[in-house]
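What follows is a short report on a single structure.
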Amino acid sequence: MDSALIGTWLAALLTLGIMSFIYKDNLYYKVCEAIFIGISAGYWFITYFWDSLYRKAWVGIVHQGDYILLGGVILGAMMLTRLFGKIGWIARWPLAFIVGATAGLKMMVYFTTNAMAQVHGTVNDMMAAFSGGDLYDLIGRLVILIGTVTGLIYFYFSKEHKGVFGGVAKVGTWFLMITFGASFGYTVMSRMSLLLGRIDFLLTDWLKLVK
Amino acid sequence: MKKYYYWFILIALIIVLILLPKPLIVSPTVSTTLTVLLGLALVVVLVLTLRGHMIGRRTVFLFIGMSLTLPFFMNFQMPIKVSPEVQTLFDAMAKLPSGSKVLAAFDYDPPSAPELQPQAEAFMAYAFKHDLKVIIMGLWPQGPQQANMAIAKVLQQPGIRAKNLRYGVDYVNLGFQSGNEFVIQRMGTSFSGMFPRDIYNTDYDKIPLLNGVENFSNIDFVFNLSAGYPGTVEWVQIAVDRYGVKVGAGNTAVQAPSVYPYLSSHKLTGLAGGMSGAAEFEQATKEIGKANTYILSQSFSHMVVIAFIIIGNAALFVSYRKSKQKGA
């Protein structure tokens, strides 16, 4: 028997097993779930073992003499001390290194890309729309500007949300709700796509009902 | 015996489906009839709800399942209008002269394939037809494998096969590299430092396509297919902001809203978001594939979701009225 055919049947039966949860929790679903979790864990372990431990650390240090990688290996080994009660505190050192390095990189990129660039984009495009853009563009930019300002005001908690300030914050709440609604819509779209992928597999690859 | 009743139905259904004539495509008349029937069934559910008969969650699942499955057999063509953000993405690609080096970052895995694989295939087909040199990499372990699948599929097209594209000369797959955004950061100074060998263990220096490719300054365009972290956000924050590379992206729908601000601040050169973005991207590149089939199913399912939101609200009002009457 063709191995691809066995693979397709196996995948189809596992897909149906996972989908059977829609009806109710059952043994078939539990078996498929356990297989999925086991294979995922095994896949990730093997991937990181060969990619990080072998290709990077072992080959790098032993075959290429790149001894600076030893620093990473030592930090990685220190992380594992968490498993041994008394010396578990050692794991804080590599953790501090990771937090520090990530914070150092992220602080600047977030400040420039997510703060400054966004302010620049909002104001600059607004000015461009005022000076020469069409009405549709201008309205769009105005909505973004109002949404940004009122949204920020909503998150300003040093002043009580009362009077005009409270009204503006309320507008900000509406903008946030619309944003969350749009995000939810996109999430629904994404989840439907996941199911669509599986249905396509069942109909096309397994049952061959459609091309 | 009753315990196994549903299993018998499921097995019987599978046998019937296996025995059905293939491929199973119904005529436009039958397609329209099926659509009307689906709509009528939803109206019946609404009426039942208004009369106080609440439906179970399994009915909702059944409707969603039908709305996603039936369009596969229908002979409908949905009109798709290319949105400005997808058009911008395509325009950026269209401006690239033959021989341009494009870095394709595949930052997703099989669960996101329904949304991103059609974009990957459309991109690859377009790049190969227009003689763009593609350098593939992935910040997700399974990304480069998804790229290989896309390449294998597009290489079956007669027009592309006739070009006799060669691995290492016309395209190369550098594989996966762990390290998330730090990989992008390091690539800003040295590609070979992060990818000393390609996915097949060939040394970086021995790959003809990579001759002279030291860092982002030797790359004309970056196309990122992303399903989350690390992905488009990191590419924009580091590759665009720090190294000034042009980045266009294809994203899953769930991630797209978080990336849109980069589009309006002109940090991102075009975005194809979710299944609709994928279908539009296929239209723009004229590489019609799965996304144009999927979009009909997705539109049907969205209509059903909207219908159930209305039905759910109707159920809420009915129960509210009932509890009010009881209280009175």
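Quick note: the coordinates plus some simple rules give every number you see, no bench work behind them. All values reported here derive from a predicted model rather than from experimental measurement. Quick reminder, even Gly has a Cβ in these numbers, built from the backbone with ideal geometry, and neighbours come from all protein chains shown.
Just the number, please: percent antiparallel of the DSSP beta bridges in the range B:84-288, rounded to the nearest 5.
5
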Given the rule -39500 (n - 2.57) for each run of at least 4 DSSP H residues, summed and divided by the residues of chain A, what is its mean residue ellipticity at 222 nm, to the nearest 500 deg cm²/dmol?
-23000 deg cm²/dmol
How would B:PHE76, B:PHE191 line up from fewest to most surrounding beta-carbon atoms within 10 angstrom?
B:PHE76, B:PHE191
Classify chain A: rounded, prolate or oblate, from the alpha-carbon gyration tensor (a ≥ b ≥ c, eigenvalue square roots; a/c under 1.5 rounded; otherwise prolate if a/b is larger than b/c)?
oblate
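Exposure proxy check: B:GLU214, B:GLU181 ranked by fewest other beta carbons within 10 Å?
In order of increasing Cβ crowding within 10 Å: B:GLU214, B:GLU181.
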What ranking of B:PHE182, A:PHE36, A:PHE84, B:PHE63 emerges when the number of other C-beta atoms within 10 Å of each C-beta is taken as an exposure proxy, fewest first?
A:PHE84, A:PHE36, B:PHE182, B:PHE63
Rg/Rg_ref, the range B:184-296, where Rg_ref = 2.2 N^0.38 Å and atoms are Cα
1.20
Treating only the Cβ of Lys, Arg, Asp and Glu as charged (+1, +1, -1, -1), what charge dipole size does the protein assembly as shown show about its Cα centre? Round to the nearest 20 debye.
1840
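Counting only Cα atoms, I'd like the Rg/Rh figure for the range A:134-211, Kirkwood definition for Rh.
With Rg and the Kirkwood Rh in hand, the quotient comes to 1.35.
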For the range B:1-97, report the % of Cα-Cα distances exceeding 19 Å.
67
Hey, what does the equivalent ellipsoid look like for chain B, semi-axes from the Cα gyration tensor as sqrt of 5 times each eigenvalue, largest first, whole Å?
45, 24, 19
Name the helices (complete DSSP H segments) of chain B with a Cα length along the long axis of 27 Å or more and a Kyte-Doolittle mean of at least -1.0, or state none.
B:28-50, B:290-327
If you place +1 on the Cβ of every Lys and Arg and -1 on the Cβ of every Asp and Glu, how big does the dipole about the Cα centre of the range B:84-288 come out, in debye to the nearest 20?
460
Looking at the protein assembly as shown, send over the antiparallel percent of its DSSP beta bridges, to the nearest 5.
5
Sparse-neighbour loop sites [trypsin sites (Lys or Arg not before Pro); the range A:2-64; at most 16 other C-beta within 10 Å; DSSP]
A:LYS24
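Relative to the compact globular guide of 2.2 N^0.38 Å, what is the alpha carbon radius of gyration of the protein assembly as shown, as a ratio?
The value comes to 1.10.
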Charge dipole of the protein assembly as shown built from unit charges on the beta carbon (Lys, Arg +1; Asp, Glu -1), centred at mean Cα; most positive-end Cα among B:PRO28, B:LEU42, B:ILE238 is B:LEU42
Would you compute, from DSSP H runs of 4+ residues alone, the mean residue ellipticity of chain B at 222 nm, taking -39500 (n - 2.57) per run and dividing by the full residue count, rounded to the nearest 500?
-16000 deg cm²/dmol
